[in-house]
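This report refers to the structure that appears directly beneath it.
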Amino acid sequence: MNVGAGRSLRPPKAILFDLDGTLVDSAPDIAAAVNELLASRDLPPLGLDQVKAMIGGGVRKLIERAFAASGAPLVGNALDEANRVMAPIYSRHLTGLTRLMPGVREVLTHFYAKGMAMGVATNKPQLATREILLHFGLTEYFRAIIGGDAVTCLKPAPDALLLALAQLGVDPCDALLVGDSGADAGAARAAGMPVILLRGGYTHFPVEELGADQVCDSLFDLPAAMQGLQAGA
């Protein structure tokens, strides 16, 4: 565990989690969906690391980045059409190759037993988010599940975080976001809440440079990181 911005925090009443790169390693499934879409346009496949660096900002932004990387950029109506074609492809690639990130079940069980209110706030579509959480038996841990299509603006806007906290009945100053990207850090700052980021997620920038209050190697380190915040580490 490394210390980021290091501001102090009173014990939170709620924890919000990002999904992709935080709770689940979904990059292989996302890459499979992207490459199926590219193949339908006779474009060559992208590597897993290439796609991983494109995740963040929602499915439409993913498509835009993928086609740009393939040398066939899309804009306007062409991008809208590709987004429509992607919808059923994406829905077929949600759980086949996706795995839980280290420490997920242990940490969720730990906080659930303590009565912590928890939610998910992600840019992934709502139905896809619920299907993944159901697949891994995680829905029981969360009292709020907010997908990107449930709000007007995706992270780094604070909309998903604020909607989740409204459903939990908790103010932003009494909550914590756990994520893995600059979008998560930006959303937390915009919402007025602290953020802990995980290494090994989906960002092509060093996670230490994203302005988190704490940085963890994995979710196993989350309880200690929260204690560090509360101590004003």
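The values are calculated or read from the model by the stated rules, or taken from the named source; none is laboratory data. Predicted model only: the values in this text are computed from it and were never measured. Cβ: placed from backbone, ideal geometry, glycine included. Neighbour counts: every protein chain shown. Remember, those area values only see protein heavy atoms, side chains included, never the ligands or the DNA or RNA. Shrake-Rupley method; radii C 1.70, N 1.55, O 1.52, S 1.80 Å.
Can you name every residue in region 145-156 that is open to solvent by 60 Å² or more (accessible area, probe 1.4 Å) and outside any loop (DSSP other than H, G, I, E, B)?
Selection gives Asp149 alone.
Quick test for you: out of Ala53, Ala121, Ala33, pick the one residue that is in contact with a strand residue (DSSP E or B) (Cβ under 9 Å, 6 or more places away or on another chain) and touching a residue at least 60 places away in the same chain (Cβ under 8 Å).
Selected residue: Ala121, the only one of Ala53, Ala121, Ala33 that is in contact with a strand residue (DSSP E or B) (Cβ under 9 Å, 6 or more places away or on another chain) and touching a residue at least 60 places away in the same chain (Cβ under 8 Å).
When the residues of region 157-171 are narrowed to those that are in contact with a Pro (Cβ under 8 Å, 6 or more places away or on another chain) and open to solvent by less than 10 Å² (accessible area, probe 1.4 Å), which ends up farthest from Asp20 (Cα to Cα)?
Out of the qualifying residues, it is Leu165.
Can you tell me which residue within region 82-101, out of those that are among the small types (Gly, Ala, Ser) and in a helix (DSSP H, G or I), is farthest from Ala32 (Cα to Cα)?
Across region 82-101, the extreme among qualifying residues is Ala82.
If you scan region 111-144, which residues turn out to be open to solvent by less than 10 Å² (accessible area, probe 1.4 Å), touching a helix residue (DSSP H, G or I) at 6+ places or on another chain (Cβ under 6 Å) and outside any loop (DSSP other than H, G, I, E, B)?
Within region 111-144, Ala117, Met118, Gly119, Ala121, Leu133, Ala144 meet the criteria.
Of the conditions (1) open to solvent by less than 30 Å² (accessible area, probe 1.4 Å); (2) over 13 Å from Ala27 (Cβ atoms), Arg105 fails just one. Which one is it?
Exception for Arg105: condition (1).
Being surrounded by fewer than 22 Cβ atoms within 10 Å (Cβ to Cβ), modelled with pLDDT of 95 or more and either β-branched (Val, Ile, Thr) or within 17 Å of Gln230 (Cα to Cα) (or both) is the filter here; which residues of region 172-203 pass it?
Result: Pro172, Asp174, Gly192.
Here is a yes/no grid of residues against (1) free of Cβ contacts under 8 Å to residues at least 24 places away in the same chain; (2) over 30 Å from Gly192 (Cα atoms):
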position: Gly21; (1), (2): no, no
position: Asp29; (1), (2): no, yes
position: Gly58; (1), (2): no, no
position: Arg84; (1), (2): yes, yes
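Looking only at region 157-182, count every residue that is in contact with a Ser or Thr (Cβ under 8 Å, 6 or more places away or on another chain) and in a helix (DSSP H, G or I) and tell me the total.
3
Kindly indicate whether Pro44 is surrounded by fewer than 13 Cβ atoms within 10 Å (Cβ to Cβ), touching a Leu at 6+ places or on another chain (Cβ under 9 Å) and in contact (Cβ under 8 Å) with a residue 12 or more places away in the chain.
Yes; evaluated as a whole, the condition is true for this residue.
So Arg65 clears everything in (1) part of a helix (DSSP H, G or I); (2) touching a residue at least 40 places away in the same chain (Cβ under 8 Å); (3) over 28 Å from Pro194 (Cα atoms); (4) open to solvent by 30 Å² or more (accessible area, probe 1.4 Å) except one condition, right? Which one?
Only one criterion in (1) part of a helix (DSSP H, G or I); (2) touching a residue at least 40 places away in the same chain (Cβ under 8 Å); (3) over 28 Å from Pro194 (Cα atoms); (4) open to solvent by 30 Å² or more (accessible area, probe 1.4 Å) is unmet by Arg65, namely (2).
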